[in-house]
1. Quick check: is even one residue across segment 250-265 assigned to a loop (DSSP other than H, G, I, E, B) and either farther than 22 Å from GLY372 by Cβ or within 16 Å of ligand 2 (Cβ to nearest atom) (or both)?
2. Looking at segment 266-298, which of its residues are surrounded by 13 or more Cβ atoms within 10 Å (Cβ to Cβ), aliphatic (A, V, I, L, M) and assigned to a loop (DSSP other than H, G, I, E, B)?
3. Testing ALA114 on (1) buried (at least 21 other Cβ atoms within 10 Å of the Cβ); (2) within 13 Å of ligand 1 (Cβ to nearest atom); (3) farther than 19 Å from GLY163 by Cβ, one condition comes back false. Which one is that?
4. Scan the helices (runs of 4 or more DSSP H) fully inside segment 311-378 and keep the ones with 1 or more residues being within 20 Å of THR117 (Cβ to Cβ) and touching a strand residue (DSSP E or B) at 6+ places or on another chain (Cβ under 6 Å).
5. Does any residue in segment 161-181 that is under 21 Å from ASP128 (Cβ atoms) come within less than 9 Å, Cβ to Cβ, of a residue that is among the charged types (D, E, K, R) and away from ligand 2 (no atom under 12 Å from the Cβ) six or more places away or on a different chain, and which pairs are these?
6. In segment 367-422, how many residues are acidic (Asp, Glu), farther than 17 Å from GLY198 by Cβ and away from ligand 1 (no atom under 16 Å from the Cβ)?
7. Name the pairs whose Cβ atoms lie under 7 Å apart, with the first residue in segment 81-98 and farther than 26 Å from PHE432 by Cα, the second among the aliphatic types (A, V, I, L, M) and part of a strand (DSSP E or B), and 6 or more positions between them or separate chains?
8. Just to be sure, is VAL411 within 16 Å of ligand 2 (Cβ to nearest atom) and among the aliphatic types (A, V, I, L, M)?
Amino acid sequence: MNLEKIMTDLERKHPGEVEYLQAVREVLESIEEVYNANPQFASANIIERIVEPDRILTFKVPWVDDNGKVHVNLGYRIQFNNAIGPYKGGLRFHPSVNLSILKFLGFEQIFKNALTTLPMGGAKGGSDFDPKGKSNDEVMRFCQSFMLELWNIIGPETDVPAGDIGVGGREIGFLYGMYKKLTHTHVGVLTGKGANWGGSLIRPEATGFGAVYFAQEMLATKGLTFEGKTVAVSGFGNVAWGAITKASQLGAKVVTISGPDGYIYDPAGISGEKIEFLLELRASNQDVVAPYAERFAGSKFVAGKRAWEVKCDIAIPCATQNELGKEDAEHLINNGCIAIAEGANMPSTPEAVELFIEHKILFAPGKAVNAGGVATSGLEMSQNSMKLNWSSKEVDMRLHEIMKNIHNACVINGTQADGYINYVKGANIAGFLKVAYAMLDQGVI
Ligand code: NDP
Ligand code: 2IT
């Protein structure tokens, strides 16, 4: 593999798509060795075929606000790869959404979904719509307009979208309602549905729970547990909420959350009613964490800073891509942090990842750590197909098992000669091999 030539060609074809190019480079660097050791990959030109999406749908989404004003947003669905199952991946509604961000997420999703052991291909979609400050009716009208374009290319055996940043149970409900209206069907075409109309129990918690289950396995390789550990979390959304809930159940003290306005430091630990308050904060649609400090005495709000300056044993970034840079990594390392488990997708910059690996710190990438979300989406698809509902206990047990298996795949493919587990390599190699062999079996298509 001539990595630099591949990257130069891609940069020429897709100028300025920095997040996408960053994600591709990371995967190619990890798999270079196994790729070169299997000449049939190069003969079938797997690299050039896997880095380009199968297809991209872009469309406009016109909608009317509560004052009668007409707005137009951009909508996207990127169907990246369906070698091992129907296209599968979330929808992100955030003003920062663009093609590069969705291509990076779709590309990562291919390998993440392969790691889950379930039959799901990779996809991603979304819009630059900003849910901040919008009324319920405005969100509904937007979702309905979005689905008027999307419905034609998705289906329970074709492409199954779900949530991501800015898309939770409410949005999935509005999207599903319109799909149902257009097709006269009630099928498992979206995941993250309401529990009484086809949604799986534990799906809301799954990404955060799964991240903590994965981190438990990482700690266990050093004979450690969450009990008594101090944990720093970023974000205050769906993933952060699940991770904080599970980490505190396991006896850890979670001391931070963050939002675009800054971070909260709560030395007493975020648990019980404080976790419930996170849901209130999100529901307020204001995108700020500052009110937490007004509500809970002893905590403080630090404006405009990131949580990584706080001393912690374990860091779980759960907000967004590239939210943890080189300086943040230095803070964490200097403060004696033992483990970093990425709840978000690609939250650490390449420079930060390099530092963690150089210092032989337990570090695992989002595509392994946060795979519990999409894995539980896969479990929701299974339940929909069987027309059955599993109990919370059953789903949680399966989720836990899947996270252990993913950890195991990382250990098998990422353990270095000196015993250090390179989870980035392990996850990328395990995910890539599964998809690449499927592509070989299916011929050039
Ligand atoms: P939510 O919308 O529930 O929360 C996202 C959090 O990240 C919010 O605190 C949000 O604040 C913050 N955030 C989003 N974009 C930015 C930005 N550009 N700059 C700074 N902060 C930002 O989303 P989720 O919890 O679902 O998603 C969090 C991360 O986890 C994402 O990386 C997502 O891709 C990933 N993920 C989610 C899964 C899921 O099942 N939901 C599954 C696997 C991964 P604000 O909105 O105010 O900007
Ligand atoms: O990034 C992700 O894995 C998700 N947002 C979840 C996707 C899904 O289909 O459940």
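The values are calculated or read from the model by the stated rules, or taken from the named source; none is laboratory data. Given the structure is predicted, the values throughout are model-derived calculations rather than measurements. Every residue, glycine as well, gets a Cβ built from its backbone with ideal geometry; the counts of neighbours run over all protein chains shown.
1. Taking every residue of segment 250-265 in turn, at least one turns out to be assigned to a loop (DSSP other than H, G, I, E, B) and either farther than 22 Å from GLY372 by Cβ or within 16 Å of ligand 2 (Cβ to nearest atom) (or both).
2. Those that are surrounded by 13 or more Cβ atoms within 10 Å (Cβ to Cβ), aliphatic (A, V, I, L, M) and assigned to a loop (DSSP other than H, G, I, E, B): ILE270, VAL288, VAL289, ALA290.
3. Here ALA114 meets the rest and fails (2).
4. Numbers: elements: 326-334, 350-358, 366-369.
Here the list reads 366-369.
5. That search, which allows pairs on different chains as well, returns PRO161/ARG77; GLY163/GLU171; GLY166/ASP130; GLY166/LYS132; GLY168/ARG282; PHE174/ARG141.
6. The first filter runs over segment 367-422 and keeps only residues acidic (Asp, Glu), leaving 380, 394, 396, 401, 418.
Still in the running and farther than 17 Å from GLY198 by Cβ: 396, 401, 418.
After this cut, where a residue has to be away from ligand 1 (no atom under 16 Å from the Cβ) as well, the list is 401, 418.
Here the count works out to 2.
7. Pairs found: PHE93/VAL167.
8. For VAL411, the condition - within 16 Å of ligand 2 (Cβ to nearest atom) and among the aliphatic types (A, V, I, L, M) - is not met.
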